[in-house]
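Asker: Before we start, here is the structure in question, set down as structure tokens.
The values are calculated or read from the model by the stated rules, or taken from the named source; none is laboratory data. Because the structure is a prediction, the values reported are computed rather than measured. Every residue, glycine as well, gets a Cβ built from its backbone with ideal geometry; the counts of neighbours run over all protein chains shown. For accessibility, only protein heavy atoms count, side chains too; no ligands or nucleic acids. Shrake-Rupley method; radii C 1.70, N 1.55, O 1.52, S 1.80 Å.
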Amino acid sequence: MTITGGCHCGAIRYEVEGEALTHALCHCTDCRRCAGAPIVGWTMYRADALKVTKGAPKIYKSSKHGRRHFCPDCGTGLFYTNGEMLPGIIDIQSATYDDPDAVPARAQIQIAERIGWMAHAHELPAFERYPPMG
Ligand SMILES: [Zn+2]
Ligand SMILES: [Zn+2]
């Protein structure tokens, strides 16, 4: 299976080949801060499965060994590597897939750092678009 994806503005495009090793929704503080979002989905692959086909991501050192790759033009977070904890592995922000349904999420991780109300997010009122105004 070949999956394609990219950042919001289109400056960065990538292809990834083969099966994801896993797909986890991460609740950690670093992911939250870096994404500006309560949760971030990551698919994990062998590093050689990923090919950046357009542009060059900028790399941010988000922890001692953690490296977050993002689009320098639009800021979309794309990849994560950690040569110490996960040598030879690359994580891809699965919401940047052209078809984000291609690989279903399999687990939630780092819930020790989860925002309290996220535990009940699936119970919130849900609207097809926006709720009625007024
Ligand atoms: Zn971009
Ligand atoms: Zn995380």
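Asker: Being away from ligand 1 (no atom under 14 Å from the Cβ), in contact with a Leu (Cβ under 9 Å, 6 or more places away or on another chain) and among the aliphatic types (A, V, I, L, M) is the requirement here; does MET1 meet it?
Answerer: no
Asker: I'd like the residue in region 1-22 that is buried (at least 16 other Cβ atoms within 10 Å of the Cβ) and not in a strand (DSSP E or B) and, out of all such residues, is farthest from ligand 2 (Cβ to nearest atom).
Answerer: ALA11
Asker: Limited to region 10-22, what total is found for residues that are within 16 Å of ligand 1 (Cβ to nearest atom) and on the phi < 0 side of the Ramachandran plot?
Answerer: The total comes to 4.
Asker: With (1) part of a loop (DSSP other than H, G, I, E, B); (2) more than 14 Å from the chain's Cα centre (by Cα); (3) β-branched (Val, Ile, Thr) as the list, and VAL103 as the residue in question, which single condition is left unmet?
Answerer: Of (1) part of a loop (DSSP other than H, G, I, E, B); (2) more than 14 Å from the chain's Cα centre (by Cα); (3) β-branched (Val, Ile, Thr), only one is false for VAL103: (2).
Asker: Filter region 23-74 for residues that are more than 16 Å from ligand 1 (Cβ to nearest atom), among the aliphatic types (A, V, I, L, M), surrounded by fewer than 16 Cβ atoms within 10 Å (Cβ to Cβ) and closer than 18 Å to PRO87 by Cβ and give the result.
Answerer: ALA47 - this is the single residue of region 23-74 that is more than 16 Å from ligand 1 (Cβ to nearest atom), among the aliphatic types (A, V, I, L, M), surrounded by fewer than 16 Cβ atoms within 10 Å (Cβ to Cβ) and closer than 18 Å to PRO87 by Cβ.
Asker: So for region 7-28 (the condition being touching a Lys or Arg at 6+ places or on another chain (Cβ under 7 Å) and β-branched (Val, Ile, Thr)), does at least one residue qualify?
Answerer: Taking every residue of region 7-28 in turn, at least one turns out to be touching a Lys or Arg at 6+ places or on another chain (Cβ under 7 Å) and β-branched (Val, Ile, Thr).
Asker: Another question, if that's okay. Can you tell me which of (1) in a loop (DSSP other than H, G, I, E, B); (2) open to solvent by 30 Å² or more (accessible area, probe 1.4 Å) is the one GLN108 doesn't meet?
Answerer: All conditions pass for GLN108, except number (1).
Asker: Only one of (1) in contact with a helix residue (DSSP H, G or I) (Cβ under 7 Å, 6 or more places away or on another chain); (2) more than 12 Å from CYS26 (Cα to Cα); (3) open to solvent by 30 Å² or more (accessible area, probe 1.4 Å) is not met by GLU113, so which one is it?
Answerer: (2)
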